[in-house]
Amino acid sequence: VTQNGSPKAQVEDYISKNKVMMFSKTTCPFCTKIKDLFKNLNVEFQVLELDQISNGADLQNALLEVSGQKTVPNIYINSKHLGGCDDTLKAQAENRLLPMINDDGENYDYDLIVIGGGSGGLAASKEAASLGRKVAVFDFVQPSPTGTTWGLGGTCVNVGCIMIETNAPSCIISSYIVIWGAINIVFIKIFTYLQGSIVGIKLRICFIQDHIGSLNWGYRVQLREKKVDYHNAYAQFVDKHTIKAVNKKGKEIIKTARHFILAMGERPRYPDIPGAKEFGITSDDLFSLPYCPGKTLMVGASYVSLECGGFLKAIGMDVTVMVRSILLRGFDQQMADKIGDYMGLHGIDFVRPCVPTKIEKLQDRQDGKPGLYKVYGKYNDGTEYSDEFNTVIFAIGRDPCTQNIGLDKVGVQMSKNGFVISNDADQTNISNIYAIGDILEGKPELTPVAIHSGRLLARRLYENGTLLTDYINVCTTVFTPLEYGCCGYSEEDAIQKFGEDKIEVYHSNFWPLEWTVAKRENDACYAKLICLIPEKEKVIGFHVVGPNAGEITQGFGTAIKLGATKTDFDNTIGIHPTCAETFTTLDVTKRGGGSIDTAGC
Ligand code: FAD
Ligand code: NDP
């Protein structure tokens, strides 16, 4: 900025050369407020402290002439006068501030480009388009090491939630009944037998892939109806407003946009051991195997491993789970152990604590038949492990798809594991680039979370939306043979955060009515509420293992989000006879002791 011209020329120079220009004084509290606001919004801005320069008073007079405002802060965005503190706060409250900053007067191909057409990306793009914006989605699935690939819709629809749910024991039984029940009960019996055989598996894959195909098609139709341009191409950043995308034929296109939303999701990780990629598979491949998996080893002990292990057992496979340390890290460990005990009791082998060290091929996979592999491992105490399996499935975590797409080139900040770091408004450190879904650092990796944040982000960008995604108190369910639903703190985390003396834990076993007649276990199902004593026993943790735990948790989720206390739960009249009513009658505390055995009606 020129220091030689007249005060007016100097002021005009500052304004024209800086995207966000703030004339300020170090002693002014209103100036500090706006500086803090810009910092929180990750906005780069230039400040001139008028009380720190010799000709400050002259420049302030020149400002009056140029802007009609003499007081500070005096703010210009893209050379346009915004005003002072109140004007800036008002623009922020009305969601006009960031659009003003991002509106650089350039002509872009799109208002918004979304990279990734999964749960989050589709939700954000459709919402932005329905708010009248010109939007494009780029979605491309890179084949897994064994060559599996799929269509539009991302992980959830193609190789995630839907696959697990449609393969869950209850669905397996009911789908065969629906399909064949009309014909003859004998067929049901045959199909119950066939479900673990190659014919049964192939039929099942056909039914499920057919359903997925219709969903993939449905998403394309929805995008077309909303006038979102869909490109089946792999996108990489050229600069912060430009991407280059390559389709499967190698054709390249370049497109520009004012805003970008990153929603690339994750892909399964493989361990760095001999034979892992050659002979192992992951959940990406499991649901389209052209053969019956046979004797299966699940490596890993979290959501994916335990859920896949559970449904494979339900269709008659011999299943072993190799656990490195604990089950379901991050979840309430009492509940995790209950799930493990139940799975163990129902025929799933657990090898723990152990990690695989090598896989050798004994027999090749053939058309319609799995291979045979020898898996070597090491227990924590150094003892060697080995066994033979037809299928080895790695479920040891997932890596965000953030590498080699030019994020480093545009300077997007990432954690050391490659997750994108964002602020509460899902904005990265690059002001026109936002991120949602599984790639976010420290946020729940769940479909409804990605969808919700995609919609709210689009509303904040293109409507006067101000709601931020609440990433706390998100309900979740692990669809293991004994379902586990939870919301809020685990017992361990609550104790660590608030101290044991501040926590009251109410609990009880329960015996689902349908289990009583069938004489199933009366101590497997369990309900637990974690309450914060100093806040009138506000419920800060909700945990349940039992049938339909997901449905139960979803129902109570709203109450917990609204801050329900134990008394609110007690004052709720239950529905009899349900499992959920247990939560309205809990009166035994862990501290006090007392029997939690199931009582009668
Ligand atoms: P995704 O849905 O993964 O979509 C990302 C898309 O971007 C993909 O299509 C990807 O190929 C594409 N892409 C990546 N890079 C590029 C690029 N450079 N250019 C173009 N396209 C690109 N959640 C639940 O809530 N409930 C469940 O029961 C559940 N079960 C699950 C079971 C399994 C086995 C797995 C693996 C996950 C499960 N999840 C579940 C998690 C859920 O699937 C994810 O949280 C959700 O899909 C995340 O959505 P997303 O939009 O972030 O990413
Ligand atoms: P996680 O990261 O949650 O768990 C990884 C598991 O693998 C842990 O048990 C970990 O053990 C183990 N592990 C890690 N590295 C190794 C190794 N080298 N050798 C052996 N074991 C190892 O990953 P998931 O793939 O299970 O799940 C990913 C996400 O997908 C979840 O966070 C969840 O949000 C989502 N999801 C949601 C579902 C739902 O809503 N029902 C279902 C499935 C997935 P350790 O504890 O020792 O680190």
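Laboratory data are not the source of any read-out in this text; all were calculated from the coordinates shown. Note that the structure is predicted; figures quoted are calculated from it, not measured. Virtual Cβ from ideal backbone geometry, glycine too; neighbours counted across all protein chains shown.
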- Note down, for the chain, the three equivalent ellipsoid semi-axes (square root of 5 times each alpha carbon gyration tensor eigenvalue), biggest first, whole angstrom. 51, 32, 22
- Stretch gain in nm, segment Val517-Asn107, where the contour uses 0.36 nm per residue and the Cα spacing is subtracted: 140.6 nm
- Work through the residues other than Arg224 whose Cβ is under 15 Å from its Cβ and net out their charges, Lys, Arg +1 and Asp, Glu -1. +2
- Item | Dipole magnitude of the chain about its Cα centre (Cβ charges: Lys, Arg +1; Asp, Glu -1), debye to nearest 20 | 1380
- Using alpha carbons only, how many degrees (0 to 90, rounded to 10) separate the axis of helix 169-181 from the longest principal axis of the chain? 70
- Counting every Cα pair in segment 427-519, what percent are over 15 Å apart? 75
- Task: Starting from the exponent 0.38 and prefactor 2.2 Å, build the expected Rg for segment 487-595 from its residue count and divide its actual Cα Rg by it.
- Result: 1.05
- Message: For the chain, take the longest principal axis of its alpha carbons; what is the angle in degrees between that and the long axis of helix 7-17, to the nearest 10 within 0 to 90?
- Response: 20
- How much length, in nm to one decimal, is gained on full extension between Lys378 and Asn4, taken as 0.36 nm per residue of separation minus their Cα-Cα distance? 127.2 nm
- Query: In degrees, nearest 10, range 0 to 90: what is the angle between the Cα axis of helix 303-314 and the longest Cα principal axis of the chain?
  - Reply: 30
- Any trypsin sites (Lys or Arg not before Pro) in segment 272-366 that lie in a DSSP loop and have at most 14 other Cβ atoms within 10 Å would be Arg329
- Give, in nm to one decimal, the length gained when the segment between Asp424 and Gln333 is fully stretched (0.36 nm per residue of separation minus the Cα-Cα distance). 29.8 nm
- May I ask you to list the lysines whose Cα is less than 16 Å away from that of Lys17, ignoring any residue fewer than eight positions away on the same chain? Lys8, Lys80
- Task: Please express the shape of segment 253-382 as an equivalent ellipsoid: the semi-axes are the square roots of 5 times the eigenvalues of the C-alpha gyration tensor, given largest first in whole angstrom.
- Result: 28, 22, 16
- Among the listed pairs Lys35/Lys70; Lys90/Lys126; Lys19/Lys39, which are separated by more than 24 Å between their Cα atoms? Lys90/Lys126
